[in-house]
Amino acid sequence: MKDFAHRALDTAQARGASYADVRVIGIRQRYLSTKNGHPAQVREAESFGLGIRVIAEGAWGFAATDDLNRPSVDRTAAQAVAIARASALAKKDDIRLAPEEKIVDRWAGPCRIDPFTVPVSTCVDLLLKVDAELRAVQGVTLAEALMDFRRIEQLFVSSLGSEIYQVKTQTGTGFVATSFHENEIQRRSYPNSFGGQYQTKGYELVEELDLASNARRIAEEAVALHRADQCPSGVKDIILGSAQLGLQIHESIGHPIELDRVLGAEANFAGMSFLTLEKLGQLKYASDIVNVVADATPAHGPGLGTFAFDDEGVPAQCTPIIKNGLFVGYLTSRETAAAVGQARSSGAMRAEGWNRIPLIRMTNVSLLAGQGRLAELIASTDDGIYMETNRSWSIDDRRYNFQFGTEIGWEIKGGKITRMLKNPTYAGITTEFWNSCDAICGLESWVLWGTPNCGKGQPMQTMGTGHGASPARFRRVQVGVAYSE
Amino acid sequence: MLTRQRAEEIFEQVLKYSTAEETEAIISSIAYALTRFANNIIHQNVAEEGGSLSVRAVVDRRMARASTNRFDEAAIRQTCEAAIALARLQPPDPDVLPMPGPQTFRAVHRFHKETAKLTPRVRAETARRVIARAEKDGLTAAGVFSSGAFAAGLFNSRGLAAFHEETISEFSVTMLGQSSSGWAKKTSPNSRELDPDALAEHAARKALESREPREVAPGKYTVILEPSAVLDLLGYLFSDFGGLAVYEQRSCLTGRVGQQLFGPNINVRDDVYHPLQAGAPFDGEGMPRQRLILVEKGVVKRVV
């Protein structure tokens with residue numbers, strides 16, 4: 001790894017690069033899934049490669065290869081420089097990077113049980129056990145369960161002299177019970193939808209989640225949803241479960257704070273942001289009790305956005321985003337930090353792999369916990385709806401208007417859960433919604449959720465992000481919009 | 001770039017190291033580059049090359065897959081062994097079908113040398129022209145110009161052998177005004193068919209003509225949608241036309257094949273051989289792709 005990385009660096013500089021950084025990455029993945037009593041996908045994959053990013057003639061170039069030998073590495077480095085010179089044909093100013101120090105360091109993420117040492121048969125047996133529990137409930141027409149393990153080893157070197165080696169293990173697991181009945185499809189997922197829960201840790205995550213013990217309850221809810229009443233339309237107080245709130249944070253806070261999006265870099269694809277620069281330090285983003293951070297440091301927890309150094313060699317940081325409701329921070333890079341008067345990048349540059357450039361990405365964008373328990377929050381709600389587990393999402397390309405659907409809801413009347421509701425949806429304007437937050441549960445119910453496949457960039461790349469949240473209440477929200485007459 | 005001969009050599013190695021009852025290998029390579037612009041400058045400019053070997057092994061109705069991006073003999077051996085080891089570790093699946101034998105494929109010619117050789121300079125000069133068009137009307141341009149080539153071979157131990165190579169190119173542009181925007185895009189295996197200048201003009205015209213839009217109240221209106229907007233709506237249904245989705249009852253078409261679900265003026269066809277289409281003449285199992293009528297006069301005729 002090291003030889004090729006330094007060789008690429010040397011070649012790029014010899015060819016005229018004023019700055020260069022190289023990532024050599026090895027990724028190993030094991031994906032196991034079952035469906036209706038049988039193994040569905042059982043696969044292993046490995047990928048090794050090198051990507052070099054350069055500045056030459058004041059503009060960016062990048063090239064990547066998986067052909068790791070000296071001639072190929074030389075060719076790739078030279079290609080990156082040639083691409084940068086082509087970029088310079090359409091530049092206005094030279095790129096300037098916020099200063100960084102040379103760093104030589106190593107880091108390994110938390111991993112108590114190496115998932116690649118857990119026998120595949122053990123994993124498949126557990127998935128089939130969950131599957132059997134799900135299909136024991138009459139009315140479940142499709143039972144799906146999965147485990148997804150990744151190990152990512154990365155060496156970063158740069159023309160600053162930095163040399164950083166990091167290893168991360170990521171685990172994801174979950175299951176879904178789908179019920180088809182009279183032209184209606186209902187589903188329930190555990191512990192979260194769209195793949196389950198993902199964290200930067202080992203197989204211990206699977207043990208912590210106790211999948212099998214939760215299977216029957218989830219399956220029964222999937223079937224019961226057919227008999228449930230349709231979520232009413234109107235203006236209601238809502239309580240969002242922790243997992244749904246994690247996605248709400250992702251879409252309506254995490255994305256609009258990406259400074260490259262604000263500055264127009266994603267205008268042709270992922271979109272822009274309503275958080276234009278003059279709003280920094282001025283906009284009342286949320287109510288006074290809302291505090292949000294973007295925290296990549298290991299102290300925040302084993303989130304998908306946890307690391308020691310980003311993909312520009314900048315140390316992980318905790319960046320305040322919303323402080324007592326006021327908008328105070330963006331996610332930045334070495335190139336964009338100056339646009340908001342910062343002397344240093346917030347360390348949010350991340351790339352999917354060796355063949356993609358780093359982009360400003362969420363790390364762990366989390367709502368800090370408040371006080372109290374969910375039961376108390378429900379008891380203090382006179383007329384509302386509790387919604388759990390995302391089913392659909394829609395938000396405009398500036399992250400301002402949104403509509404979400406969840407898998408299940410429960411009506412709250414006089415502080416008590418009454419009936420189950422199906423197809424719950426709610427809609428809002430980002431800042432109005434967050435300013436309507438009047439209660440956030442405490443640490444006891446705070447979970448650091450993982451979104452494994454956030455998409456951005458051209459060519460597209462996906463990234464894992466973390467979002468910590470406790471259940472929270474929002475007053476006077478438009479609900480039931482998708483199914484209203 | 002992977003050639004058919006090289007793909008066959010790799011598969012020979014796979015067969016040498018695989019002790020599975022049935023073995024399939026998908027061998028591919030890609031060389032791809034993309035020039036991206038925003039705020040009237042080129043802000044990202046990338047290129048990649050890479051390959052992939054994916055081995056599917058079947059042992060006594062137990063199936064698993066292992067992949068690598070290395071083509072050396074040691075990696076091929078390790079990948080075969082990993083696929084077989086994984087397959088052996090799970091219970092047999094009675095639904096596993098035998099792999100297909102040799103097939104005949106209709107020829108498609110989607111490789112254009114000029115597209116494969118498109119340089120960063122050509123892409124950058126195109127971006128510069130498009131940016132100049134934007135600046136002429138005080139607009140801001142963002143977009144991409146990409147080009148490349150890929151090749152893929154699919155072989156199995158029953159004698160099926162399929163190979164396809166294709167070039168790819170795309171130009172898309174968003175023109176932003178103070179109160180409006182316009183977007184245009186084209187993809188083609190042949191970069192000569194993109195016409196970025198015309199796309200830029202189209203996007204700019206939309207941005208200029210939609211300046212100072214008025215708000216309209218929510219309600220029911222008759223709208224005319226551009227083709228890409230029609231695809232945005234229809235595209236959400238495509239996965240529901242999958243036979244597996246219908247069989248597993250997670251498709252909105254479950255129990256509805258044969259019914260009139262759309263207006264009588266709606267016809268939907270899956271046709272990889274259409275001159276504007278891209279892609280290989282075989283699917284992921286090596287079966288020849290066919291022209292399929294999915295919806296005819298509003299009636300859902302079949303799934304894939």
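The values are calculated or read from the model by the stated rules, or taken from the named source; none is laboratory data. Model, not experiment: these values are computed from the prediction. Cβ sites come from the backbone with ideal geometry, for glycine too, and all protein chains shown count toward neighbours.
What to note about this one:
- Among (1) closer than 13 Å to A:Asp237 by Cα; (2) within 14 Å of chain B (Cβ to nearest Cβ) - the single one A:Ala439 does not satisfy: (2)
- Which numbered condition A:Thr141 fails, given (1) within 13 Å of chain B (Cβ to nearest Cβ); (2) more than 26 Å from the chain's Cα centre (by Cα); (3) farther than 25 Å from A:Ala224 by Cβ: (3)
- The condition of being without any contact (Cβ under 8 Å) to a residue 40 or more places away in the chain, outside any helix (DSSP H, G or I) and either small (Gly, Ala, Ser) or not assigned by TED's automatic domain parsing to the domain that holds B:Val173 (or both) does not hold for B:Gly284.
- Some residue of region A:111-130 being more than 13 Å from chain B (Cβ to nearest Cβ), assigned to a strand (DSSP E or B) and either within 28 Å of the chain's Cα centre (by Cα) or within 30 Å of A:Ala296 (Cα to Cα) (or both): no
- Pair list, Cβ < 7 Å and 6+ apart or interchain, from region A:314-329 residues that are in the same structural domain as A:Ala296 (by TED's automatic domain parsing) and over 12 Å from A:Gln342 (Cβ atoms) to residues that are buried (at least 18 other Cβ atoms within 10 Å of the Cβ) and of a type in the set (Phe, Trp, Tyr): A:Pro315/A:Phe309; A:Ala316/A:Phe307; A:Ala316/A:Phe309; A:Ile322/A:Tyr285; A:Gly325/A:Tyr285; A:Leu326/A:Tyr285; A:Phe327/A:Tyr285
- Of the residues making up region A:329-387, those that are among the aromatic types (Phe, Trp, Tyr) and within 30 Å of A:Glu100 (Cα to Cα) are A:Tyr330, A:Trp354.
- Residue in region A:170-178 that is within 24 Å of B:Gly255 (Cα to Cα), in the same structural domain as A:Lys35 (by TED's automatic domain parsing), assigned to a strand (DSSP E or B) and among the hydrophobic types (A, V, I, L, M, F, W, C) present: yes
- Residues that are surrounded by fewer than 16 Cβ atoms within 10 Å (Cβ to Cβ) and of a type in the set (Val, Ile, Thr) do occur in region B:226-245, at least one of them.
- Yes/no for B:Ala38 being out of contact with any Lys or Arg (no Cβ under 9 Å at 6 or more places or on another chain) and either hydroxyl-bearing (Ser, Thr, Tyr) or facing chain A (nearest Cβ under 7 Å) (or both): yes
- Among the candidates A:Ile385, A:Ile360, residue that is of a type outside the set (D, E, K, R), crowded, with 18+ Cβ neighbours inside 10 Å and either over 22 Å from the mean Cα position of the chain (by Cα) or under 30 Å from A:Ile185 (Cβ atoms) (or both): A:Ile385
- Across region B:63-105, the qualifying residues are those that are facing chain A (nearest Cβ under 7 Å) and touching a Ser or Thr at 6+ places or on another chain (Cβ under 8 Å), and the one among them that is nearest to A:Asp66 (Cα to Cα) is B:Asn69.
- Inspection of region B:145-153 finds a residue satisfying the criterion of being surrounded by 24 or more Cβ atoms within 10 Å (Cβ to Cβ), within 14 Å of chain A (Cβ to nearest Cβ), within 21 Å of the chain's Cα centre (by Cα) and assigned to a strand (DSSP E or B).
- B:Gly255 outside any helix (DSSP H, G or I), within 26 Å of B:Ala134 (Cα to Cα) and over 21 Å from the mean Cα position of the chain (by Cα): no
- Pick from region A:333-360, criterion touching a helix residue (DSSP H, G or I) at 6+ places or on another chain (Cβ under 9 Å) and within 14 Å of another protein chain (Cβ to nearest Cβ), ranking: farthest from A:Gly305 (Cα to Cα): A:Ala339
- Residues in region B:110-142 that are at the interface with chain A (Cβ under 10 Å from one of its Cβ atoms), crowded, with 22+ Cβ neighbours inside 10 Å and over 17 Å from A:Ile83 (Cα atoms): 4 in all.
- Selected residue (criterion: nearest to the other protein chains (Cβ to nearest Cβ)) from residues of region A:179-215 that are over 20 Å from A:Val124 (Cα atoms) and free of Cβ contacts under 8 Å to residues at least 60 places away in the same chain: A:Phe180
- Condition met for A:Ser252 (part of a loop (DSSP other than H, G, I, E, B) and either free of Cβ contacts under 8 Å to residues at least 24 places away in the same chain or touching a helix residue (DSSP H, G or I) at 6+ places or on another chain (Cβ under 7 Å) (or both)): no
- Odd one out for A:Asp94, checked against (1) at the interface with another protein chain (Cβ under 9 Å from one of its Cβ atoms); (2) surrounded by fewer than 17 Cβ atoms within 10 Å (Cβ to Cβ); (3) among the acidic types (Asp, Glu): (1)
- Figure legend. Inter-residue proximity from region A:63-91: first residues more than 9 Å from chain B (Cβ to nearest Cβ) and touching a residue at least 12 places away in the same chain (Cβ under 8 Å), second residues buried (at least 21 other Cβ atoms within 10 Å of the Cβ) and of a type in the set (Val, Ile, Thr), beta-carbon distance below 7 Å, spacing 6+ or different chains. Indicated pairs: A:Asp74/A:Thr11; A:Ala77/A:Thr11; A:Ala77/A:Ile52; A:Ala78/A:Thr11; A:Val81/A:Val54.
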